[in-house]
Amino acid sequence: MIFGNRQFNRTQKIVIYAVLALFLAAATFPPYWIILTSLKKGRDVFNTAEVLIPRHLTVFNYLELFRQNEITGWIVTSTALALVSTVTALAVGILAAYSLTYFRYRGVRALGLAVFFSYVIPKGLLFIPLFLLLNKIGLVGTFTGLVLAHETFSIPFCTWLLYGYFRTLPKELADAARIDGCGPLGVLGRVILPLAAPGVVTAAIFSFTTSWNEFLYAASLTTSNALKTLPLGIAGFLVADSFMWGPLMAAATIATVPMVIVFVFLQRFIVQGMTSGAVKG
Amino acid sequence: MNRSPTKRMRSLFSGLQFEQSTFGVILALPLIIVLLGLLLYPILSAFVVSLQSKTIGSPGRFIGLGNYIELLTQDQAIPTVLSNTLTYSIGSVILKTVFGFIIAVILNERIFARNLFRGWMMIPWIIPTLVVGLTWRWMFDQSGGIINFIPVKLGLIQIPPAWLADKVLARIAIVIANVWRGMPFFAITILAGLQAISPELYEAAAIDGASAWGRIKYVTLPGVRSVMLVTIILSSIWTFNDFELLWVMTGGGPSYSTHIFVTYAYSLGFRGSRFGYATAVSLVATPLIILFILFLVPKLWGDES
C-alpha cells in the first residue's frame with residue numbers, strides 16, 4: 001500500500017478514482033455491448049445511435065436459437081466434453097500428484113519437470129502434431145478424439161496445480177495416518193484429499209472452464225455438425241459477408257452464462273488458481 | 001550429530017512411508033502414458049512429418065530439410081508472419097504489464113468497495129476468448145461498429161476507417177483485444193505480489209521521506225519484480241501462440257498482415273492441406289518456447305525440499 005493508512009489528499013483521490021473508473025468502464029462496455037446486440041432483432045443491430053437508451057429490445061434472438069434447436073446440440077457436446085475431460089484429468093492428476101509428492105523413485109524429479117513442461121507447452125505448438133496422431137488412429141471427428149485432445153491441457157494442468165497444493169500440506173499428518181495402519185490409498189483418501197479439497201475444486205473449475213471455452217482443437221478436430229462444440233457453433237455464425245450479429249451475440253451470451261455463475265460463486269478459488277501461476281491468460 | 005528427537009522421529013516415519021517406490025510409479029502411470037502418448041510422441045512424429053512433403057490421405061515423401069529451407073528462404077509470407085508474431089506478443093505483453101500494474105496498485109490501496117472492484121475488474125477474463133474476439137470484431141465493424149460511431153457522430157472523421165481491413169489498424173485492433181482480455185491475469189498476479197509486501201516497508205520509506213513515486217520505485221517495484229517476471233514470461237509464451245482472438249477477428253488478413261505463426265500454420269494445414277509444410281511452420285518457434293520455459297523452471301518449479 002503506497003499510501004498506507006494515511007488518507008489520500010484531494011488530488012491523489014481524484015487521480016486514483018478517475019483511473020479506476022476508466023478501467024472499470026473499459027472492462028464493462030464490451031459485455032454490455034454483447035448483451036445489447038443480442039437483444040436487437042435483424043437490422044436493428046446497426047442502429048448504433050441507441051447506445052445508452054436502447055429501444056426495440058426483444059428476446060427474439062434467444063427464442064429463435066432454441067427454436068432452431070442447433071444450439072442445444074452444441075451445449076450438450078460442450079458440457080459432456082468438459083465433464084468427461086475434467087473428471088478424467090482430476091483422477092489422473094490426483095494420483096500423479098500424490099505419487100510425485102509422497103513417493104521416491106528413479107525419475108520422480110524428471111517426471112515433475114515433464115509435468116511443468118507439458119503444462120506450459122502452448123496449444124499452438126501441439127495442435128498439428130495432435131491432429132496428425134489422431135488422424136492416424138482414426139479419431140479425428142470423434143468425441144473420444146476431442147476428449148484426448150482436451151486431456152493434453154487438463155491433465156498437465158490438474159497435476160501441476162495439485163502437485164503444488166499437496167506440497168504445502170504438512171507431511172506429519174500422512175505419517176501419523178500411516179503409523180495408525182492406513183494403507184497408501186487410505187492416506188490419500190482419508191487424509192490428503194480432505195485437506196486438499198480447495199485445490200481439487202480449483203483444478204476442477206479451471207479444467208472445466210478451459211474445456212468449455214476451447215476453440216482451436218474444436219476447429220481442427222471436428223468434421224461434422226453433430227459434434228460441434230458451443231464455441232465452434234458460435235464461430236459458425238461468421239459466414240461470408242452476412243454476419244448475424246444478433247443471434248451470434250445471443251449465443252455468445254449463453255456461452256458466457258456458466259462462466260459468470262462459476263465466477264460469482266467460486267471467485268475465491270479462481271483467484272487462487274490464477275495466482276498460483278496456474279492459468280493461461 | 002546432535003539431532004533433536006523430533007527430527008529423528010520424523011525421518012524414521014518418513015522412511016516408513018515413502019519407500020514404496022513401485023506403488024508410486026503405478027500411481028503415476030496414467031500420467032506417464034498421457035505425457036508420452038499425447039504430448040511427446042505427437043511432437044516427435046510431427047518433427048518427422050515436417051521433413052516430408054505431405055498432404056492428408058497420402059503418404060509423405062521424405063524431403064529432408066526442404067520445408068525448413070523453403071520457410072527460411074522462399075516463403076514470402078514468413079518475414080511478415082515473424083514480425084507480426086513479435087510485435088503482437090511484445091506490444092500486447094508490455095501494455096498488459098503496464099495496465100495490470102496500475103490497476104493492481106490501485107486495487108491494493110484502501111479504496112471504496114475494494115473487493116467489489118477486484119471482482120469487477122475480472123470481467124474480461126470471465127468471457128470466453130472466442131466471444132471476446134467476436135465482440136471486438138463487431139465493435140470494430142466499419143459501418144455498424146460502435147468504435148467508428150462516436151468519432152463520426154462528433155464529426156471528427158468523415159469516412160469511417162475499416163479497422164480490420166487496414167493493414168496497420170488491424171494490427172492495432174488485435175493488440176487492443178488481446179490487452180483487454182489479458183489484463184486481469186496480470187492485475188491479479190501482480191496484486192498477489194503486492195499483498196506480500198509488508199506495509200512496514202512503506203511506512204519506513206515514508207518516514208525516510210520518500211514521495212509516493214519514490215515508494216513505488218523503491219518498495220513496490222522491487223517487491224513485485226519476480227512475480228511480474230514470471231507473469232510476463234508465461235503470458236509471452238501464450239500470446240506468442242494465440243489463435244482464437246486473431247482467427248475470429250481477422251483470420252490473419254488483410255493479406256497476411258495479422259498472421260502469426262499459429263494462424264499461418266493453421267491456414268496452411270487446414271485451409272490448404274499442406275501438412276508437411278504447416279508442421280514445419282508450427283514447429284519452427286519451438287526452440288524459442290523451450291528457452292522461455294527453461295527460464296521459468298527454477299522460478300516456478302523451485303528446489304524440492
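Every read-out reported here was derived from the displayed coordinates using simple, explicitly stated rules and does not represent laboratory data. All values reported here derive from a predicted model rather than from experimental measurement. Cβ atoms come from the backbone with ideal geometry, glycine included; neighbour counts cover every protein chain shown.
In table form, for the structure just shown:
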| item | result |
| --- | --- |
| Debye, to nearest 20: dipole size of segment A:69-275, +1 on Lys, Arg Cβ, -1 on Asp, Glu Cβ | 600 debye |
| Likely footprinting exposure, A:Arg43, B:Arg114, fewest C-beta neighbours within 10 Å first | A:Arg43, B:Arg114 |
| With eigenvalues of the C-alpha gyration tensor scaled by 5 and rooted, segment B:83-155, Å | 27, 19, 14 |
| Amide hydrogen neighbours beyond the local backbone of B:Gln52, cut-off 5 Å, H modeled | B:Ile63 |
| Inter-chain Cβ neighbour average for residues B:135-141, partner chain, 10 Å | 5 |
| Vicinal HN-Hα couplings computed from phi for segment B:131-136 (Karplus, 6.51 cos²θ - 1.76 cosθ + 1.60; Hz; Gly/Pro x) | 5, 4, x, 5, 5, 5 |
| Relative exposure of A:Trp160, A:Trp33, judged by other C-beta atoms within 10 Å (fewest first) | A:Trp33, A:Trp160 |
| For segment A:180-195, 3J(HN,Hα) per residue [Karplus equation, 6.51 cos²θ - 1.76 cosθ + 1.60, θ = phi - 60°, Hz, x = Gly/Pro] | 6, x, 7, x, x, 6, x, 4, 5, x, 9, 10, 6, 4, x, 5 |
| Computed over segment A:10-61, Kirkwood Rh from alpha-carbon pairs, angstrom | 12.9 Å |
| Pairwise FRET efficiency - B:Gln76 versus B:Ile157, Cβ, R0 = 35 Å, nearest 0.05 | 0.55 |
| Percentage of interatomic Cα-Cα distances in segment A:69-275 larger than 31 Å | 29 percent |
| Using θ = phi - 60° and Karplus 6.51 cos²θ - 1.76 cosθ + 1.60, couplings along segment A:73-86 (whole Hz; Gly, Pro as x) | x, 4, 5, 4, 4, 4, 5, 4, 4, 5, 5, 4, 5, 5 |
| Burial ordering of A:Asp180, B:Asp166, B:Asp141, fewest other beta-carbon atoms within 10 Å first | A:Asp180, B:Asp166, B:Asp141 |
| Bins of 20 Å from zero: percent of alpha-carbon pairs in the protein assembly as shown | 19, 50, 28, 3, 0 |
| Per-residue mean of C-beta atoms belonging to partner chains within 10 Å, peptide B:219-228 | 1 |
| B:Gln142 paired with A:Asn69, simple spin-label distance in nm, labels 7 Å along Cα-to-beta-carbon | 4.0 nm |
| Shielding score for B:184-196, defined as the mean number of other chain Cβ atoms within 10 Å | 3 |
